[in-house]
Amino acid sequence: MEQVIFKFKSKLWVYAGPSAWHFLSVPKKLSGELKNRYNDRTRGFGSLPVKIKIGDTQWRTSIFPDSKTSTYLLPVKLAVRKKENIFEGSMVSC
């Protein structure tokens, strides 16, 4: 399978729910492109498997569609946030 690289910037935010999940919102235009291009590869909850790189940290995860914003959401785990020194409100390049 061909590897395609997409880059974007987004501000890290915290989900206002019972758990403190941290997310980056994939920009709307890119989210639409990903949905159109890879809709046949979705998994549970409409998620798409991805390989992400922030700073020097790379990992495999999934992005999840958010119907309220028509974007995909990228969860950013604590280990990555600590290693890359990012926190709520940080502008992050992926």
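The values are calculated or read from the model by the stated rules, or taken from the named source; none is laboratory data. Everything numeric in this text was worked out from a predicted model, so none of it was measured. Heavy atoms of the whole protein, side chains included, go into the accessibility calculation; ligands, DNA and RNA do not. Shrake-Rupley method; radii C 1.70, N 1.55, O 1.52, S 1.80 Å.
Remarks
- Accessible area of the chain belonging to carbon and sulfur atoms, whole % at 1.4 Å probe: 52 percent
- Relative contact order, whole percent, for the range 8-77 stands at 33, derived from Cα pairs under 8 Å and 6 or more residues apart.
- Residues in the chain average 71 Å² of solvent-accessible surface per residue, probe 1.4 Å, ligands and nucleic acids excluded.
- Between the helical axis of 28-38 and the longest alpha-carbon principal axis of the chain there is an angle of about 50 degrees.
- One entry in (i) 127; (ii) 96; (iii) 107 is volume of the Cα convex hull per residue in Å³ calculated from the shown coordinates; its label is (iii).
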